[in-house]
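A quick write-up on the structure given underneath.
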Amino acid sequence: MKRRYVGCWIVLIFLFAGFSKAFAADDDFAAQAKPFRLVRAAMCESIEGYEPKHVAAAFSINVGRISCYSAFAGVAQTTYVQHKWFRRDELVTAKRLTLKPPSWATYSSVQLRDDDKGPWRVEILNAEDELIQTMRFSVVD
Amino acid sequence: MNFLLAFLHSIRWQDIVDILLNGYILFRLYVLFRGTNVIRVLVGIALLWIFQRIAVTLGLIVTSWAMQGIIAGAALIIVIVFRNEIRNVLQAKNLKALLWDFPHKAVRTPIDSIVEGVYELARTRTGALIVIPGKDDLDEIIQGGVTWGGLISKEMLLSIFYNGNPVHDGAAILENNRVTRVGAILPLSLRDDLPQYYGTRHRAAVGMAEQSDALVIVVSEERGQVVAAKGQTFVPIYDNLSLKKTLAAHVGAGGANNQGIQRERRELAVAAAICFLCMAGVWFSIAKGMETLTSVEVPLEYSNRDSGMQIISTSVNTVRLHLSGSSALIGSLRADQVKAKLDLRTAVNGMNLFSLSRDNITLPPGVRLNRIEPPEVQVALDVPTRKELPVQVDWVGALPDGLVLESVSVTPTRLVAIGTKGLLEQISTLYTEKVKLDRLTASGQVDVSVVTKTGVRLAGDSPAQGKVTVRYTIRRRDA
């Protein structure tokens, strides 16, 4: 009787181990198909304590510096994203930012000059140069 | 040579008509008034007018004014002084005579009076020497004499050669219908083949005939014989009909083939040529003499473009035309009279280079094109395509202190733009018109237009085309 119980436990353990491996394989597949996701993006005047400060859609030129904050989750392995800054349709700068598993927040900034007034956008792209999100804002008086 | 060709090219048909019409009017005035004193005064006025134009050209202001005044006064004087002549011309003649008829000049030499006078002198055996000039000027051949001026008549001739008259020994010169000089001394002929019985009077007649084209009539005092000398011929005249014929042939009143008609025709032809030349001169003086240069900037119109393509860019949208012409034409030039057009029928997709020439420019008659600036135009064409683009608000100004524009949303978020492929490739966002932040104090919404670049338009025909609704959130700024 005791042997029978032991045998059952062994079978159950093998079955559990088999299911676990199978589920683990599914998780890897999911991780490869959807490597990470953008959980938050914001345009702000500064970053304090890894959090965007003074988030807005229009910034005074007097602020002097603005930042694009982006936070990602589900980062399976070290990778990178790009922040491409455009003033109207003209590329001003492109910044490559590293992401590390499992979640990562990062940002890029630009220094404003007097003739930087106007509509801006920041394109957030993954390592494959695929557009993840566009942040639109204006630099005003 | 090129200038001459350009000049001839610039002459309009209206100019030719202008010159011909006025030249003919001038010629008709000459035809109608020739032989009268009016024509001489008209010539004087024409000379004054020429002087006035020269004075204007030289900038002699007072002189040109004075000339103008004299011309105006002279024109008035003509009408008053020569009113009878003008009335005769205008009243006595019919429309045909006024417009195109050529009345033959009346033979003014009274042949009958001369014939009668000469034969009366012959009958009474009164010696006489009569000179009827041709075309040659006799002033250098004839010497002495007394200026006369009396009208020719039988009695006048008889009295001139009357033995008791102090001037009866010389020659009488008959011009037209007047005895212009009497007692004139003629050159003697040195010929030795003349009959012995010919005296000094005959020798003078032969000498005169030899040295000129005048007809000289001699009446012999001894024999009462009449002799006519012309050129190298020296023939006796035995009857008055022969004398009349000889006289008529000389003064041009004979048959149809006589020299008088030919001479009159030549005179009219020369007068016509002078009239047309004068009028051409006047026309060039007025219309072309005051040549004016100007330059105008006109829009370049592109036409006949392939409907499947759009003009992306052009190197110029206006061209500067350097024009010349008479000041009157240049002064009256209107903007709608000058056009610059470029035919894009042969244009292809991509960049096209066209040379501008006279064919591209429309000008009013009489105005010449000297230069086009620039001489070449680049036109880029492309096929139009559609592209869906996000819309972004173009904020300007500044929010009141302490406020922050937190978020903005645009509805619709995307619009379809239509334009050339090349243009749309350069555009990734459509921007609204500038929206002022200064008056915004709280969250709300506003409808604004979307602004597109030249060559790009938005799809759709609705009245709200190109309008988007902007919703914005405003909050107090964090400390």
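So here's what we get for this one:
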quantity	calculated
Single residue of B:SER409, B:SER332 found to be surrounded by fewer than 17 Cβ atoms within 10 Å (Cβ to Cβ) and within 14 Å of another protein chain (Cβ to nearest Cβ)	B:SER409
Every residue from segment B:148-198 that is hydrophobic (A, V, I, L, M, F, W, C), under 21 Å from B:ALA248 (Cα atoms) and assigned to a loop (DSSP other than H, G, I, E, B)	B:ILE152
Exclusive hit being within 13 Å of chain A (Cβ to nearest Cβ) and touching a Leu at 6+ places or on another chain (Cβ under 7 Å), set B:TYR431, B:TYR472	B:TYR472
Scan of segment B:394-406 for residues that are more than 7 Å from chain A (Cβ to nearest Cβ) and in a strand (DSSP E or B), ordered by number	B:LEU403
Residue count for segment B:208-236, restricted to those that are farther than 16 Å from B:LEU174 by Cβ, more than 51 Å from the chain's Cα centre (by Cα) and either surrounded by 23 or more Cβ atoms within 10 Å (Cβ to Cβ) or not polar (S, T, N, Q) (or both)	8
Among the candidates B:ARG368, B:ARG320, residue that is surrounded by fewer than 18 Cβ atoms within 10 Å (Cβ to Cβ), touching a helix residue (DSSP H, G or I) at 6+ places or on another chain (Cβ under 7 Å) and touching a residue at least 24 places away in the same chain (Cβ under 8 Å)	B:ARG368
Residue satisfying all of: in segment B:110-125; surrounded by 18 or more Cβ atoms within 10 Å (Cβ to Cβ) and β-branched (Val, Ile, Thr); nearest to B:ARG201 (Cα to Cα) among these	B:VAL118
Segment B:312-328, residues that are among the aliphatic types (A, V, I, L, M) and part of a loop (DSSP other than H, G, I, E, B)	B:VAL316
Check on B:THR452, within 14 Å of chain A (Cβ to nearest Cβ), over 17 Å from A:GLU90 (Cβ atoms), among the hydroxyl-bearing types (Ser, Thr, Tyr) and open to solvent by less than 30 Å² (accessible area, probe 1.4 Å)	no
Failed criterion for B:ARG386 (all others in (1) in a strand (DSSP E or B); (2) within 14 Å of chain A (Cβ to nearest Cβ) hold)	(2)
Condition met for B:ASP382 (touching a residue at least 40 places away in the same chain (Cβ under 8 Å), among the acidic types (Asp, Glu), surrounded by fewer than 17 Cβ atoms within 10 Å (Cβ to Cβ) and out of contact with any Phe, Trp or Tyr (no Cβ under 6 Å at 6 or more places or on another chain))	no
Residues satisfying the stated conditions in segment A:39-72, i.e. polar (S, T, N, Q) and open to solvent by 30 Å² or more (accessible area, probe 1.4 Å)	A:SER46, A:SER60, A:ASN62
Tally, over segment B:174-211, of residues that are without any contact (Cβ under 8 Å) to a residue 24 or more places away in the chain and among the basic types (Lys, Arg)	2
Search result, residues across segment B:327-376 that are more than 16 Å from B:PRO299 (Cα to Cα), β-branched (Val, Ile, Thr) and over 27 Å from the mean Cα position of the chain (by Cα)	B:THR346, B:VAL348
Residue that is nearest to the other protein chains (Cβ to nearest Cβ), among those in segment B:434-447 that are of a type outside the set (A, V, I, L, M) and outside any strand (DSSP E or B)	B:ASP438
Subset of segment B:19-49 (residues that are under 18 Å from B:ALA273 (Cβ atoms) and open to solvent by 40 Å² or more (accessible area, probe 1.4 Å))	B:LEU20, B:LEU21, B:ASN22, B:TYR24, B:ILE25, B:LEU26, B:LEU29, B:TYR30, B:LEU42, B:VAL43, B:ALA46
Strands (runs of 3 or more DSSP E) completely within segment A:38-141 that count 2 or more residues being more than 14 Å from chain B (Cβ to nearest Cβ)	A:65-73, A:79-87, A:90-99, A:104-111
Of all residues in segment B:412-421 being away from chain A (no Cβ under 14 Å) and outside any strand (DSSP E or B), the one that is surrounded by the most Cβ atoms within 10 Å (Cβ to Cβ)	B:LYS421
Qualifying residue in segment B:366-373 (condition: farther than 30 Å from B:ALA328 by Cβ and assigned to a strand (DSSP E or B))	no
Only listed residue being at positive phi and out of contact with any helix residue (DSSP H, G or I) (no Cβ under 6 Å at 6 or more places or on another chain), chosen from B:GLY73, B:GLY59	B:GLY59
Selection status of B:ALA398, open to solvent by less than 50 Å² (accessible area, probe 1.4 Å) and within 29 Å of B:GLY350 (Cα to Cα)	no
For B:ILE78: the one exception among (1) closer than 11 Å to B:LEU32 by Cα; (2) open to solvent by less than 40 Å² (accessible area, probe 1.4 Å); (3) among the aliphatic types (A, V, I, L, M)	(1)
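The values are calculated or read from the model by the stated rules, or taken from the named source; none is laboratory data. Nothing here was measured: the structure is a model prediction, and the numbers come from that model. Positions of Cβ are backbone-derived with ideal geometry, glycine not excepted, and every protein chain shown enters the neighbour counts. For accessibility, only protein heavy atoms count, side chains too; no ligands or nucleic acids. Shrake-Rupley method; radii C 1.70, N 1.55, O 1.52, S 1.80 Å.
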